[in-house]
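Working notes, structure below.
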Amino acid sequence: MNRSSSNREQMRTLNRKDAIALFLIRYAVFVFFFFVYMAIAIYKPVFLSPANLADIMLTSSLVSFASFGLSIVFAVGGVDLSFPNIAGYGAMLSTYLMIEVGYPVWVGIVAGISVGLLIGTFNGLMVTRLYINSFIATLGTLFILRGFLYWLTGGQSMQILPQGFEYLGRGTLFNIRMPVYFMAGIFILCYLFMEKTRWGRQITLVGGNIEATRLSGVNIKMITLLSFMICGLLSPLSGMLQAASASAAAVDIGDRFMVPAFAAAMMGTVIFQGKNVILGTLFGIIFVESLNNAAFILGVSPEIRRVVPGIVLLATIAFNYYAKRALSEMRVHAY
Amino acid sequence: MGTARNGDEDVVIKASLISKYFPGVIALDNVDFEVRKGETHALVGENGAGKSTLMKILYREYSEDAGSLYIDGKNAKGMGIRQVRNLGLSLIHQDLNLVPVFTVAHNVCMGLEPVNKLGFIDWKELKQKAAPYLKEISSDIDLDAKVEELSNSQQQLVTVARALVAHPRFLILDEPTARLDQKSTEALFDFLDRCKEKGITIIYISHRLEEIYRLCDRITVLRDGEKVLTAPVQELAQTELVKHMVGRELKQQIPKGEASIGEVVFSVRNLNPMAKAKDISFDLHSGEILGIVGSIGAGKSEVARAIFGADRKQSGVIRMQGEELKIRDPRDAIDAGIALVPEERRKQGLVTTESIRKNMTLPSLGKNFCAGGFWIKQRKEKEAVAKSIKDFRLATPSPEQEARLLSGGTQQKVVIGKWLLSDSKIYIFDEPTKGIDVGGKHDIYKMIVDLAKNGAGVIFISNELDEVLALCDRTLIMFNGRLVKEVINKDTTKNELLFYVMGGKDNGSKSG
Ligand SMILES: Nc1ncnc2c1ncn2[C@@H]1O[C@H](COP(=O)(O)OP(=O)(O)OP(=O)(O)O)[C@@H](O)[C@H]1O
Ligand SMILES: [Mg+2]
């Protein structure tokens, strides 16, 4: 405490300058996308029109459930490749029950979620009880599910959906489509779960160091299983909402959002260096979907637009890497 | 300005007015540091004082934010690690940065692997190349063994061997003895003596002051990022040195009042861990601090881990207050009220990418910091962590600092702190004071004594006989996986402990 105060002052200002640089470098991704969007908006002002923004929010919301689920599996240190097919099962089963059997809408939805939960549990058990690497285990599930799904449905799609169900995807409230509210709701739930509850905390810590958390008394098997179950539970919701908003359920419904959901969850994981993954994933979803939308506005062909999520993902990872490099060049070894 | 000038011709490392900032931390503040040719220079200071940071600056792993640096008369400012290594500077890091799945030989020659004509690593030559360096420091490490199969002590020796590959003229050792057992420490000291004879300049960091008096010529003390003084070791009495380090008077005595030892609360019968140790039986009383000593490889950690359920055990009965415990994994042990402060802080103790706060409350999150076992009580959590940070005098800008950014000793304090928040009945400490500064050790002894005073049973495993002697009530000695002797501490001496630790046998007359 005998340090001269002028010295401390000097150091403080130095640090403040550092802090700004640090912030800019760390969040270069945001800065980069901000400029990209500005450029697009100047070239095509319609990009920022309320109707278009609403559209971005809608497409984002359809992807969001699967993406949040996936990011929770990433947080525990695993991966779930089968989520698009879980989504397909959920959507097909629920619409089948509603249309062919005539059950009420809520039964269809509960059934859709349940089958997802079941598959998620199966994935989780393979990883925690049979010690199969989650990449391989869920790839296996993916193949099995896919085969079964075609066999069960004959590759058919369901076209006419019950009104009540369609309302969930196409209805509006205060001029905003219903799925956007659902996204807001599930974001808050997942956020609170990951940041404010014991299980959420433990999921992140298991992902950080499995041995240290085991020695701290965390039930690592239960926690790992839980995160696969959550992913299984959330994925069908994406499938069902997609079906409801498109008024059709097809076998390959999950394939449509596989890549964007994956990219968004990956981005969410790296964007804040593995912290706050749910918020990161929300940003990821919006980045991916708005760029996709921009590509649409710019008249890029649909085939090429499929490349967009990949670009967003690579850009994020590249920026993250360069941020690290830049920081170490600044010799700030903190990040 | 700057170059090694007249008068101090023999100054080979000259760092002037070095400052280094991390976000929120002044790690070094205008530090002057000079090392003379051929001397052994000690660098001491509390945890987080900036010792490792200064050494990493010399080694050009970090570059300073201000100041100048001359090594061997050359301006080192623009240099990288490779160039200073070429100047003959080698650094043995505080953290073992070995590749666990690679062989010893490969780790020793890391980055300098000889290749054959096809560009593949030439394993035979690699081994030949590594052998002489390893022999300098140890004769009983197998070059073909994987590093992960070695004991902590042996791993540390491998890092020494690796530093030798660069044929250093300047050798920096950052807390090399924290992981070493008695025998390896002696081996290291012999080796350092040989280095001195060869005229190698040594910078030596340690929290064990007796080592510094044994080895070093001059000493530099850092406190809170500032240089306090540089002086010849012999001119500085130990008490004075401690005062310079911690900036306050420190009682050298372990604050151990009259212990009130109660009933047997915890007993272990015929415990057979999967490896190393055999047939372990002992009792622990409430309010008692029970030491376990033995050289590395004696099986102390294995016993602790088997009790705690960290490893499976072959057989054995563990009772708490007479009731048999079924412990299959650490969760069972913790539920029963047992805590284990593990041996390796970075692998077993911490999630290094997470904050101090999240690490500290992990074991007791459900029990103490959640409403209904589910919702985290943020306020309570923050208060508890803030208090621990104060009690332990943690060198950190905030409770949200990631554990990997803390100094080594500070990390160790976090690991201890996390278990002290767990309100357990039995505490097992496995080498808890490794890497902790003088003042911090004192604080931790006091906390352990307080635990015992409040009725907990404490098992204290350590390689430092002095601290076991002073802190514990009773001590068990292990040799080659067996409990060979039990002594009451007030009736014993360090020599007696040492005798049994080294494998000495009773001849019937000694025990009472
Ligand atoms: N990469 C980093 N990022 C942020 N802070 C750091 C970093 N490295 C070190 N520090 C901080 O700088 C200070 C000095 O750390 P340093 O590791 O040099 O301490 P030390 O004297 O070696 O302590 P110990 O005896 O515990 O090893 C500490 O407060 C530490 O938290
Ligand atoms: Mg250090």
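The values are calculated or read from the model by the stated rules, or taken from the named source; none is laboratory data. Everything quoted here is computed from the prediction, not taken from an experiment. Glycine also receives a Cβ, built like all others from the backbone with ideal geometry; neighbour counts cover every protein chain displayed. These area figures cover heavy atoms from the full protein model, side chains too; ligands, DNA and RNA do not enter into them. Shrake-Rupley method; radii C 1.70, N 1.55, O 1.52, S 1.80 Å.
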>> Which residues, if any, in segment A:196-218 lose at least 40 square angstrom of accessible heavy-atom surface (probe 1.4 Å) when the other protein chains sit next to their chain rather than the chain being alone?
In response: A:Lys196, A:Thr197, A:Arg198, A:Arg201, A:Leu205, A:Asn209, A:Ala212, A:Arg214, A:Leu215, A:Ser216, A:Gly217
>> What does the structure give for B:347-355 when I average, per residue, the other chain Cβ atoms found within 10 Å of the residue Cβ?
In response: 6
> Residues with amide H under 5 Å of A:Gly171's amide H, sequence separation 5 or more or different chain, H placed in the peptide plane at 1.01 Å from N; which?
Replying inline: A:Met178
>> Roughly how large is the B-A contact in terms of buried accessible area, totalled over both chains, probe 1.4 Å, nearest 100 Å²?
In response: 3800 Å²
>> If you fit an axis through the alpha-carbon atoms of helix B:152-164 and take the longest principal axis of the Cα set of chain B, what angle between them do you get, 0 to 90°, nearest 10?
In response: 0 degrees
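Averaged over peptide B:333-346, how many Cβ atoms belonging to another chain are found within 10 Å of each residue's Cβ? Mind dumping the intermediate values first?
Details: counts 2, 4, 1, 0, 0, 1, 2, 3, 1, 4, 0, 2, 1, 2.
For peptide B:333-346, the averaged partner shielding equals 2.
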> Can you list the residues, at least 5 places off or on another chain, whose amide H is less than 5 Å from the amide H of B:Ile219, using H built in the peptide plane?
Replying inline: B:Ala42, B:Ala231, B:Val233
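Treat segment B:97-162 as a sphere of radius equal to its Kirkwood radius over Cα pairs and apply Stokes-Einstein at 37 °C in a medium of 0.692 mPa s; give the translational diffusion coefficient in µm²/s, rounded to a whole number.
Numbers: Rh = 11.7 Å.
Stokes-Einstein gives a translational diffusion coefficient of 281 µm²/s.
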> By average Cβ neighbour count within 10 Å, what is the ranking of B:105-116, B:72-83, B:88-99 from highest down?
Replying inline: B:88-99, B:105-116, B:72-83
>> Beyond a 30 Å Cα-Cα separation, which of these cross-linked pairs lie in this structure: B:Lys425/B:Lys505; B:Lys418/B:Lys485; B:Lys256/B:Lys418?
In response: B:Lys425/B:Lys505; B:Lys418/B:Lys485
>> If you average the C-alpha positions of segment A:107-171 and of segment B:56-106 separately, how far apart do those two centres end up, in angstrom?
In response: 54 Å
> Which percent of Cα pairs goes in each bin when the distances of the protein assembly as shown are cut into 10 angstrom slices starting at zero?
Replying inline: 2, 11, 18, 21, 19, 14, 9, 4, 1, 0
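Expressed as a rounded percentage, what relative contact order does chain B have, with Cα pairs under 8 Å and six or more residues apart? Please report the intermediate quantities before stating the final value.
Details: 1012 pairs, mean separation 77.7, N = 512.
15 percent.
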>> Quick check: convex hull of the Cα atoms in chain A, volume per residue, rounded to a whole Å³?
In response: 174 Å³
>> Once the cut-off is 15 Å, how many percent of the Cα-Cα pairs in segment A:176-237 end up in the long-distance tail?
In response: 57 percent
> Can you put B:Phe460, A:Phe122 in order of accessible area, largest first, using a 1.4 Å probe?
Replying inline: A:Phe122, B:Phe460
>> Please report the projected area of segment A:112-237's Cα convex hull averaged over all directions, in nm².
In response: 10.0 nm²
> Which of A:Ala39, A:Ala66, A:Ala28 moves the most in a Gaussian network model of chain A with Cα springs under 10 Å?
Replying inline: A:Ala39
> Hey, what does the equivalent ellipsoid look like for segment B:118-229, semi-axes from the Cα gyration tensor as sqrt of 5 times each eigenvalue, largest first, whole Å?
Replying inline: 29, 16, 14
>> If I model segment B:432-512 as equal point scatterers sitting on the Cα atoms and use the Debye formula, what is log10 I(q)/I(0) at q = 0.15, 0.18, 0.24, 0.25 Å⁻¹?
In response: -0.60, -0.82, -1.22, -1.28
> Where does helix B:438-453 land angle-wise versus the long Cα axis of chain B, in degrees 0 to 90, nearest 10?
Replying inline: 0 degrees
> Hey, in the GNM for chain A with a 10 angstrom Cα cutoff, which one of A:Phe68, A:Phe174, A:Phe83 fluctuates hardest?
Replying inline: A:Phe174
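Quote the convex hull volume per residue of segment B:350-423, based on C-alpha atoms, as a whole number of Å³. Walk me through the numbers before you get to the answer.
Details: hull volume 5.6 nm³, N = 74.
Looking at segment B:350-423, the number lands at 75 Å³ per residue.
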> Considering amide H positions built from the backbone, and no H for Pro or chain starts, which residues 5 or more places from B:Gly291, or on another chain, come under 5 Å of its amide H?
Replying inline: B:Phe460, B:Asp473, B:Arg474, B:Thr475, B:Leu476
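For the protein assembly as shown, give the percent of accessible area contributed by carbon and sulfur heavy atoms, probe 1.4 Å, rounded to a whole number.
Values: 20820 of 36550 Å².
Its accessible area is 57 percent carbon and sulfur atoms.
Counting DSSP beta bridges with both partners in the protein assembly as shown, what percentage is antiparallel, nearest 5?
Working: 49 of 84 bridges.
Counting only bridges with both partners in the protein assembly as shown, antiparallel ones make up about 60 percent.
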>> I'd like the orientation of helix B:408-420 relative to chain B: the angle between its Cα long axis and the longest Cα principal axis, in ° from 0 to 90, rounded to 10.
In response: 10 degrees
> In sequence order, what are the phi-derived ³J(HN,Hα) couplings for segment B:97-105 according to the Karplus relation 6.51 cos²θ - 1.76 cosθ + 1.60 with θ = phi - 60°, rounded to whole Hz, with x for glycine and proline?
Replying inline: 9, 9, 9, x, 8, 8, 6, 4, 4
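Report the relative contact order of chain A, percent, no decimals, based on alpha-carbon pairs under 8 angstrom and at least 6 residues apart.
Working: 488 pairs, mean separation 98.0, N = 335.
This gives 29 percent for chain A.
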> Between segment B:142-202 and segment A:189-217, what's the alpha-carbon centroid distance in Å?
Replying inline: 38 Å
> Excluding ligands, DNA and RNA, what is the solvent-accessible area per residue of the protein assembly as shown at a probe of 1.4 Å, expressed in Å²?
Replying inline: 43 Å²
> What does chain B give for Rg and for Dmax, in Å, if only its C-alpha atoms count?
Replying inline: 23.7, 75
> Accessible surface of A:Cys190 in the full protein assembly, 1.4 angstrom probe, to the nearest 10 Å²?
Replying inline: 10 Å²
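Below 8 Å, C-alpha to C-alpha, sequence gap of six or more: please give me the relative contact order for segment B:97-208 in percent. Don't skip to the answer; put the middle values down first.
Values: 135 pairs, mean separation 31.0, N = 112.
Normalised by residue count, the contact order of segment B:97-208 is 28 percent.
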>> Counting other C-beta atoms within 10 Å, and keeping those with at most 14, which DSSP coil GluC sites (Glu not before Pro) do you find in segment B:288-338?
In response: none
> With the calculation restricted to Cα positions, what are the radius of gyration and Dmax of segment B:375-512 in angstrom?
Replying inline: 18.1, 61
>> Can you tell me the mean projection area, over all orientations, of the convex hull of segment B:273-386's alpha carbons? Units nm², please.
In response: 9.0 nm²
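Sort the following peptides by mean Cβ neighbour count (other Cβ atoms within 10 Å, averaged over residues), highest first: A:84-96, A:240-252, B:224-236, B:31-43. Could the numbers behind the result be given before it?
Details: A:84-96: 28.4, A:240-252: 22.4, B:224-236: 16.2, B:31-43: 20.2.
So the peptides A:84-96, A:240-252, B:224-236, B:31-43, ranked by packing, come out A:84-96, A:240-252, B:31-43, B:224-236.
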